[in-house]
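To start, the structure itself, in structure tokens.
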Amino acid sequence: MPASARPRPPGGTRPRETSLARRLLVLQAAVVGVLVLAMTVVAWLDAREAVRDTAEEQTVAVVESIADSPLVADAVAGPDPTAVLQPYVEQVRADTGISFVTVLAPDRTRWTHPDPAEIGRPFLGTIAPALAGRTFTETYTGTLGPSVRTTGPVFGADGEVVALVSAGVTVEAIGRDLAAAVPGIAGTAAATVAAGALGSWALARRLRRQTHGLSPEALARMVEYHHGVLHAVREGLLLVDADARVQLVNDEARRLLDLPGDPTGCRVTELGLPAELAEVLASRRTAVDEVHLTGSRVLVVSQAPPSGAGGGTVVTLRDRTELQRLTGELDSVRSFAESLRAQAHEAANRLHTTVSLVELGRTDEAVEFATEQLRTAQELTDRVVSAVEEPVLAALLLGKAATAAERGVRLEIDAGSVGATGLPGGDLVTVVGNLLDNAIEAALAGDPPREVEVGLEVVGGALEVRVEDTGPGIAAADLGRVFRRGWTTKAADGAPHGLGLALVAAVVRRHGGELRVRPGPGAEFRVTLPLRSPAGAAP
């Protein structure tokens with residue numbers, strides 16, 4: 001089927017939207033054009049006014065200089081004023097560049113004029129102020145056309161007005177002067193338009209790069225979609241800039257980090273986060289699935305610089321607290337299964353021994369051996385199950401006892417009557433399991449006899465857990481670092497260490513309990529966890 005014949009979806013395609021940069025360029029061009037036009041009009045009006053003011057000043061100066069000249073006063077008193085004044089005023093007119101200079105009698109009779117034919121004829125214009133002894137300027141249409149003219153009196157020796165002098169610049173001449181100023185105005189306007197257009201183009205180009213050529217509608221949709229996605233995702237998300245300031249955070253991140261308000265604009269070191277987590281967020285380094293602890297949660301943290309960013313990082317947070325609980329419960333089940341496997345292995349050996357004794361005809365010894373082995377195994381199971389009603393915790397203790405026995409460590413279980421505690425099974429497994437694992441490892445690092453003792457007891461509405469080993473213990477200088485993530489006494493073998501005790505501390509903090517350590521040799525850990533139910537109290 002040809003492309004033109006393919007059916008289009010209902011409603012057709014979305015019309016192409018003009019980019020924000022292009023719209024801004026058009027708007028700026030319009031603004032620059034209007035401003036330049038207004039400035040040009042103002043400049044032209046100002047130039048016209050300046051030319052008229054110059055013409056007035058020039059004509060006033062010419063009139064006053066001629067009126068004050070003794071030559072004019074003497075010529076007016078002589079028999080033929082025209083013969084003396086016509087060459088003089090024409091020379092003045094040629095030197096000053098004005099359009100005309102006319103000397104006239106008080107009765108308007110012209111004695112001089114640029115056009116000799118006009119000499120002797122009446123002067124056209126106002127002369128009353130000049131006859132009154134005052135120099136004035138007016139715009140009047142005379143024999144040379146409209147002009148800006150200044151008329152002033154010539155005083156005789158007795159102070160009487162004996163003649164008048166009028167000098168003017170025609171409007172045509174003013175227009176020529178104004179036209180001479182137009183290229184400068186036009187050039188300035190053109191340069192302003194060019195500079196504005198170049199600046200607008202540069203700004204639009206920069207804006208196009210920063211907005212990726214998107215239109216305002218597309219940017220608005222993108223912001224809406226991003227906000228929708230940001231608050232809908234089940235992972236915590238932070239955007240941290242190059243100055244380690246939070247620029248964006250979603251609801252899940254605020255929940256996971258226990259942030260009371262909007263931290264936008266705050267430095268990550270000001271959020272009250274654990275020092276290790278704050279250091280990672282401020283370092284801008286790439287991190288992949290790093291486990292970090294807060295006061296009540298186990299978080300998986302990943303961060304990487306975003307595409308095209310200038311030094312910031314995108315941080316994702318995942319809550320591993322529930323997973324850690326499930327993992328602890330799974331570990332207890334696995335330990336119990338390992339215990340059953342070990343017991344099955346030992347039972348097979350004991351069964352073979354019993355059968356061999358029977359085959360040798362030593363029946364009494366076979367019965368005695370089998371009875372003793374059954375009593376020893378059943379005694380531990382009955383003691384733990386009868387004292388600890390929490391099935392997960394009982395299974396964990398039995399599994400750890402079998403594991404310790406396999407590794408050559410004797411595990412002593414001193415369990416009082418522990419009823420239903422109301423505490424999550426995962427938290428119990430985290431506390432007891434990690435303490436026992438560390439104690440068994442510590443006992444193996446010490447000298448024989450290698451022993452671990454665990455005590456469980458309900459005292460005053462709280463579950464007390466005590467784990468003691470015969471290992472080398474913990475130095476007093478390390479007590480402040482024992483529960484930090486990453487601290488360990490184990491040799492570096494490439495495997496992750498230093499998380500167990502940190503998880504124990506997190507569980508204790510979450511339940512408002514207490515955690516104490518006695519330094520070595522032979523370390524002792526004591527944990528107190530408030531019960532959630534009165535049923536957990538001792539009967």
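Structure data summary
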item: Qualifying residue in the stretch 190-210 (condition: modelled with pLDDT of 70 or more, more than 30 Å from Val34 (Cβ to Cβ) and in contact with a helix residue (DSSP H, G or I) (Cβ under 8 Å, 6 or more places away or on another chain)); result: no
item: Matching residues in the stretch 502-533 - criterion: being closer than 17 Å to Thr470 by Cβ, touching a Ser or Thr at 6+ places or on another chain (Cβ under 7 Å) and surrounded by fewer than 17 Cβ atoms within 10 Å (Cβ to Cβ); result: none
item: Unique match (being surrounded by fewer than 19 Cβ atoms within 10 Å (Cβ to Cβ), modelled with pLDDT of 65 or more and among the acidic types (Asp, Glu)) among Asp478, Asp469, Asp493; result: Asp478
item: Leu281 being within 17 Å of Arg509 (Cβ to Cβ) and modelled with pLDDT of 80 or more; result: no
item: Options Thr96, Thr112; residue that is of a type in the set (S, T, N, Q) and either modelled with pLDDT of 85 or more or farther than 19 Å from Glu57 by Cα (or both); result: Thr112
item: Per-region count, the stretch 506-517, residues within 26 Å of Glu451 (Cα to Cα) and free of Cβ contacts under 8 Å to residues at least 40 places away in the same chain; result: 3
item: Yes/no for Val31 being of a type in the set (Val, Ile, Thr), surrounded by 14 or more Cβ atoms within 10 Å (Cβ to Cβ) and modelled with pLDDT under 80; result: no
item: Answer from Ala445, Ala415 - the residue that is surrounded by fewer than 22 Cβ atoms within 10 Å (Cβ to Cβ) and either touching a strand residue (DSSP E or B) at 6+ places or on another chain (Cβ under 7 Å) or modelled with pLDDT under 80 (or both); result: Ala415
item: All positions within the stretch 234-258 that are on the phi < 0 side of the Ramachandran plot and among the hydrophobic types (A, V, I, L, M, F, W, C); result: Leu237, Leu238, Leu239, Val240, Ala242, Val246, Leu248, Val249, Ala253, Leu256, Leu257
item: Cβ-Cβ under 8 Å pairs, at least 6 apart or on other chains, the stretch 263-286 side in the same structural domain as Leu237 (by TED's automatic domain parsing), far side exposed (fewer than 13 other Cβ atoms within 10 Å of the Cβ) and of a type in the set (Asp, Glu); result: Arg267/Asp243
item: Hits in the stretch 123-159 - residues which are in a strand (DSSP E or B), at pLDDT 85 or above and among the aliphatic types (A, V, I, L, M); result: Val154
item: Test: residue in the stretch 444-465 that is among the β-branched types (Val, Ile, Thr), assigned to a helix (DSSP H, G or I) and out of contact with any Pro (no Cβ under 6 Å at 6 or more places or on another chain); result: no
item: Selection status of Thr321, in contact with a strand residue (DSSP E or B) (Cβ under 6 Å, 6 or more places away or on another chain), within 19 Å of Ala506 (Cα to Cα) and at pLDDT below 75; result: yes
item: Checklist (1) surrounded by 13 or more Cβ atoms within 10 Å (Cβ to Cβ); (2) modelled with pLDDT under 80 applied to Leu239, failing item; result: (2)
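So that you can scan it fast, the table gives a plain yes or no per residue for (1) out of contact with any helix residue (DSSP H, G or I) (no Cβ under 7 Å at 6 or more places or on another chain); (2) of a type in the set (S, T, N, Q); (3) free of Cβ contacts under 8 Å to residues at least 24 places away in the same chain; (4) more than 18 Å from Val527 (Cα to Cα):
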| residue | (1), (2), (3), (4) |
| --- | --- |
| Gly408 | yes, no, no, yes |
| Glu412 | yes, no, no, no |
| Pro424 | no, no, no, no |
| Asp427 | no, no, no, no |
| Asn434 | no, yes, no, no |
| Ile440 | no, no, no, no |
| Val454 | no, no, no, no |
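The values are calculated or read from the model by the stated rules, or taken from the named source; none is laboratory data. Not measured: the values here are computed from a predicted model. Every residue, glycine as well, gets a Cβ built from its backbone with ideal geometry; the counts of neighbours run over all protein chains shown.
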